[in-house]
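What follows is one structure encoded as structure tokens, with my remarks underneath.
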Amino acid sequence: MFFWSILLIAQLKCPNIIDLEASGFGVDSYPIEVGFVLSDGTRYCSLIRPKDDWLHWSDEAEEHHKIPRTDLIQSGASVEQVASELNHKLYNQTVYSDGWVVDQTWLIKLFYRAGMPMQFRVSALDMILSEPQMDIWHQVKQEVETELNIVRHRASNDALIIQQTFVRTREISQALQHT
């Protein structure tokens, strides 16, 4: 029990973060890319080849994520492969999402179509953010984005930005409490 408590504390200092990109934002949307960064710095990112009946496509969403549907068809991994890799790499862990409402829905769709259970937990990032962190989140996130200077918009890059923003806002809010 003590070991798990230490592990949980370490993860909350630098939490596991997951991010997804999707074909759009409505009920017919589906996941097209998933990426994560773990507390130990391990990163993963994969494009997802759409199932034959996943036809919805939003030009507005593509403008945001910059991933053409043709790239998914040519270079995406199968739904089954991505679900299996996520289960293997995230087994019995909790990952946090800043877009939990939609990310969880897209993960459910991914695993349902892969025909396998999800063997990790996804929780809303808000569950581990303090109010002081929330108050400075957007400003600090812009600073982190500028410093990291990531040119390519990818789910794993977004996860890294979110993770580093969490770490920095936590440090700042703790420092402010001690002054």
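The values are calculated or read from the model by the stated rules, or taken from the named source; none is laboratory data. Everything numeric in this text was worked out from a predicted model, so none of it was measured. Note that each Cβ is placed from the backbone with ideal geometry, even for glycine, and that neighbours are counted across all protein chains shown. Remember, those area values only see protein heavy atoms, side chains included, never the ligands or the DNA or RNA. Shrake-Rupley method; radii C 1.70, N 1.55, O 1.52, S 1.80 Å.
Things worth noting here:
- Residues of type lysines that LYS109 reaches as a straight line, Cα spacing below 16 Å, ignoring anything fewer than 8 places off in the same chain: LYS51
- Share, in percent, of DSSP beta bridges within the chain that are antiparallel, nearest 5: 65
- Simple spin-label estimate for SER84 and THR146 in nanometres, 7 Å along Cα-Cβ: 4.5
- Ranking PHE166, TRP54, GLY41 by Cα position along the charge dipole of the chain, where only Lys, Arg, Asp and Glu carry charges on their C-beta atoms, puts GLY41 farthest toward the positive end.
- Loop-located chymotrypsin sites (Phe, Trp or Tyr not before Pro) across segment 72-179 with a Cβ neighbour count of 13 or fewer within 10 Å are TYR91, with loop assigned by DSSP.
- Mean projected area of the Cα convex hull of segment 91-135, taken over all directions, amounts to 3.3 nm².
- The fraction of all Cα pairs in the chain landing in successive 5 Å bins from 0 to the largest distance is 1, 8, 16, 21, 19, 15, 10, 6, 3, 1, 0, 0, given as whole percents.
- For a straight C-alpha distance cut-off of 25 angstrom, the lysines reachable from LYS141 (same-chain residues fewer than eight places away being disregarded) are LYS13, LYS66.
- Close amide H contacts of ILE32 (hydrogens built in the peptide plane, cut-off under 5 Å, sequence separation of 5 or more or a different chain): GLU21, ALA22, SER23.
- Partners of LYS89 within straight-line reach, counting aspartates and glutamates whose Cα lies under 17 Å from its Cα and excluding those fewer than 8 residues away in the same chain: ASP19, GLU33, ASP40, GLU80.
- Label point at HIS153 placed 7 Å out along Cα→Cβ; residues across segment 11-47 whose backbone nitrogen lies under 15 Å: 20-25, 32-34
- Note on segment 82-179: Cα Rg divided by 2.2 N^0.38 Å, N the number of residues, gives 1.24.
- As a fraction of the 1.4 Å probe accessible area of the chain, surface on carbon and sulfur atoms comes out at 54 percent.
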